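Report on one structure; see the data block that follows.
Just so it is clear, none of the values below were taken in a lab; they were calculated from the coordinates. Quantities reported herein were computed from a predicted structural model and do not represent experimental measurements. Note that each Cβ is placed from the backbone with ideal geometry, even for glycine, and that neighbours are counted across all protein chains shown.
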Amino acid sequence: MINAKTLQPIEGANVIGKGLFSISTSEGTFTVKNVDQGIHSLTISHIGYSAETATIEVGPTMDTVKIYLRESATELQEVEVNAKTKKRETQERAIVSQTVSKDFLDKNRENSLMQTLKNIPGVSTINIGSGQSKPVIRGLGFNRVVVVQNGIKHEAQQWGNDHGLEIDQYGVETVKIIKGPASLQYGSDAIAGVVDIQALKLPIQNSMKGEVNLLGENNNDLLGVSAGIDARTNKWFYRGRLTYRDHGDYKVPTDKINYENYIFELDDNNLRNTAGQEADASFGIGFISNNLKSETTFSNVNAKNGFFANAHGLEVRTSNIDYDSSNRDLDLPYHKVNHFKITNNTSLGIGNHTLYLDLGYQNNHREELSEPVPHGYMPTPPDNKERIFDKNTYALNVKDSHSPNARHDIVAGVNLEYQNNNIGGWGFLIPAYNRFTIGAFAYDNFEIHRDLHLLGGLRYDYGLLNSQSYFDWYPSTRNNNDGSTSYIYLQRAQNTTLDFGNISASVGLSFIYNNTTYKVNLGKSFRMPLANELASDGVNYHMYRYERGNLDLDPESSYQLDLDIDHSNASFSFGVSPFVNLFENFIYLNPTSNYYETLQIYEYTQSKVFRAGGEIRASATILQNLELNASTEYVYSRQTSGAKEGFTLPFSPPLSGLFSANYQFKNFLPFKKPQLIADYRITASQEEIVPPEEKTEGFQVLNMSFISKIDVFSSDAPVDIRVKLNNVFNTKYYNHTSFYRLIDVPEPGRNLSISLTIPF
């Protein structure tokens, strides 16, 4: 394909024939595979050129065919452009948010999606082993952060400290992170923020492409493969992905662990029984026309992960299991989880209205297995199934986006969700329950003038929780006043019905001045108490404590003021995002002075909490090839009432800074666009704790990466290669927000990973 005037190759020209399609490369060439012999007619078109038709005879011997396209121009009387870029839309909304691109995800990919996102200022994780983690935004996590995928809230057993997030990160292209209250649009649990996994981009017409991702790591001997494909005809499109990962125990830079004054020796630095497996599959089918777009997605995530044997109480001291026989064995205790999800996302344009409909069904089936060990009056359990959770969630979101004129962007909607959570196993912790929530909202993004926008909205939520009674499966002994003894089945939970309702509101301003955006937002949000906070009454052996709920808990109410200043130009950017947050009745698990069969009793209670902090970020490009980035984040928390008045909150992240340098070299040997990246994280000590937490010393960790493209099969589709070395100096350090921090387990040691992305 050649420009008839300049004789230069033309990139991006469409080549279309009967059942044939291709796009020209930067060299102007195109390839059509699996073409039958004979005469074929091809139409070649490109914006700015007159279309040409070429007749080509395909046979055993063929000559090179040159096709010349002539430039063409169409004179238009008047052109009016109304669309806005994604960046401009984000600037105009007074919400502190950040969009994470596919390029960032590929460069920073770790063992889970949330660990990949931890380099975003204000985002951290609660880690559970080597492949599981849950999000923390500005020091708040669990059910205070909503994770959304395909417009539907991801609902699992995220209330548990040791429960990870069941999402295949290889099927993720873009993530939007909202910092601060987002209950206005997302509902009750978004009191701290949102991780919104955006819909995948549409494939281009008459195309098919895919990729294979290969991953290997030496710290835990991980081997992983993921293959994805998408295709589109004219109006129909399809997607599919399969992922499998298998890893052994991960290594830590120590040979012994001190837990409850017991010293556990580690074999070859392996954190015994932390091996795991994961198998994921997804398929999507969609249809698009001028005013209608609809896609249905099926996905299933299946994982089996071991728990560090010595973390599950202290029974391992008397266990007959040889945990050190192999670093790939999955022995007791371990968990199995399967998350099945169906979603449908439909949008319909009618005049200046756009209707959005999201439907979702999820089943989360989780089994926690451990050795059957008797406790107190409990005899030896009949099997290994300590706890079973089976949760079904049905969701419906309806939203209307309406622009009556160029100055208003009005959105109104309704969210409905129904949860049915059943339990099993011999270890009771939370009761079976049903939960129904409904919320209605409306907001308007009003253009005062081109660079000044006002965002205001209101929402009302109502929720109904019905928890079921539960009796122990074994009798306990009770001494009566008359000196006799009774054997009774203790009741751990009652049939209870509770309802909650509250208002959320938000108002904010966004002002754009040249290259700087100023935002201020004041929001009020709330969160309904969960079943574990209201009605738990049992032993949590993962934490080796007795947990008791409180039916008198009120919904959490939060008021937050957010500011954001962001300046950017071609070579430099700077941003600062401070916040102030007040909780009227923060819910937390409080250790008491009471004991149940030698186990300390923890009770859910509430207190007033004051929080403040924020993030600072900067980026500069030097000499075109060197990019420097720096960010820092800090959260201050203080309970101002209640039993722990004067203390901070659990899992509060310390002051932390991340400095990175990215240098792009010139092409050399087979490497195209090679980049060398260094990340240096400095984290201060965490002296502010809530017992039984322990103070955590500060640390410094260096990670290095090499990223490049290699023309292996074709220059049109180079292979992406990434070599990453985490914890370069094998530093022994503790992450204060790690689940295993409570039992003196440090973070993983040095880890070399190699990944390949092979397009086809």
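To the nearest 0.05, how large is the calculated FRET efficiency for THR516 and GLU27 if R₀ is 56 Å and r is the Cβ-Cβ distance? Mind showing how you got there, number by number?
Working: r = 42 Å, r/R0 = 0.74.
Here the calculated transfer efficiency is 0.85.
Over the chain, what is the mean sequence separation of C-alpha contacts under 8 Å (at least six apart), divided by residue count, expressed as relative contact order in percent?
That works out to 9 percent.
Go through LYS251/LYS695; LYS134/LYS336; LYS118/LYS251; LYS134/LYS608; LYS118/LYS201; LYS102/LYS251 and tell me which ones have a Cα-Cα distance over 27 Å in this structure.
With Cα atoms farther than 27 Å apart: LYS102/LYS251.
Just grab the label-to-label distance for THR43 and LEU458, each label 7 Å out from Cα along the Cβ direction, in nm (one decimal).
Placing both labels 7 Å beyond Cα along the Cβ direction yields 5.4 nm.
Under a crude label model (7 Å from the Cα following the beta-carbon direction), how far is SER571 from GLU694 in nanometres?
With each label point 7 Å from Cα toward Cβ, the separation is 5.0 nm.
What list of whole percents do you get for P(r) of segment 117-209, with Cα-Cα distances grouped in 5 Å bins up to the one holding the largest distance?
Per 5 Å bin, starting at zero, the Cα-Cα P(r) for segment 117-209 comes out as 3, 13, 23, 24, 19, 7, 5, 4, 2, 0 percent.
By how many nm would the segment from ASN320 to ILE754 lengthen if fully extended, with 0.36 nm per residue of separation less the alpha-carbon distance?
Roughly 152.5 nm would be gained on extension.
Can you sort PHE104, PHE298 from fewest to most other Cβ atoms within 10 Å of each residue's own Cβ?
Taking fewest neighbouring Cβ atoms as first place, the list is PHE298, PHE104.
Report the charge-dipole magnitude of the chain in Debye, nearest 20, computed about the Cα centre from +1 at each Lys and Arg Cβ and -1 at each Asp and Glu Cβ.
Using Cβ point charges on Lys, Arg, Asp and Glu, the chain gives about 1500 debye.
Kindly put SER188, SER738 in sequence by how many other C-beta atoms sit within 10 Å of each C-beta, fewest to most.
Listed from fewest to most nearby Cβ atoms, that is SER738, SER188.
Kindly state, as a whole number, the per residue volume in cubic angstrom of the convex hull around the alpha carbon atoms of segment 176-334.
Once divided by residue count, the hull of segment 176-334 is 171 Å³.
Report, in whole Å, the centroid distance computed from the Cα atoms of segment 339-363 and segment 224-294.
Each part's Cα centre sits 26 Å from the other's.
Working from the alpha-carbon coordinates of segment 193-759, get Rg over Rh, Rh being the Kirkwood radius.
0.97
Which net charge results for the neighbourhood of ILE137, defined as the other residues with beta-carbon distances under 10 angstrom from its beta-carbon, given Lys and Arg at +1 and Asp and Glu at -1?
Net of charged neighbours comes to +3.
If each residue's Cβ is checked for other Cβ atoms within 10 Å, how do HIS339, HIS402 rank with the fewest at the top? Walk me through the numbers before you get to the answer.
On the way: HIS339 24, HIS402 16.
The fewest-first ordering by Cβ neighbours comes to HIS402, HIS339.
Name the residues of segment 506-535 whose amide N is less than 18 Å from a point 7 angstrom out from the Cα of THR496 along the C-beta direction?
Hits in segment 506-535 for THR496 at 18 Å: 527-535.
On a 24 Å Cα-Cα criterion, which of the cross-link pairs LYS84/LYS672; LYS86/LYS293; LYS256/LYS644; LYS304/LYS732; LYS179/LYS724 come out too long?
LYS84/LYS672; LYS256/LYS644; LYS304/LYS732; LYS179/LYS724
Name the residues whose placed amide hydrogens come within less than 5 Å of the amide hydrogen of PHE307, ignoring near sequence neighbours (fewer than 5 apart) on the same chain.
Result for PHE307 returns TYR334, HIS335.
Need one number: nm distance between label points at LEU655 and ASN291, each 7 Å from Cα along Cα→Cβ, rounded to one decimal.
For LEU655 paired with ASN291, the spin-label model returns 5.8 nm.
Counting only the backbone N, which residues of segment 635-666 are under 18 Å from the spot 7 Å out from the Cα of LEU561 toward its beta-carbon?
635-638
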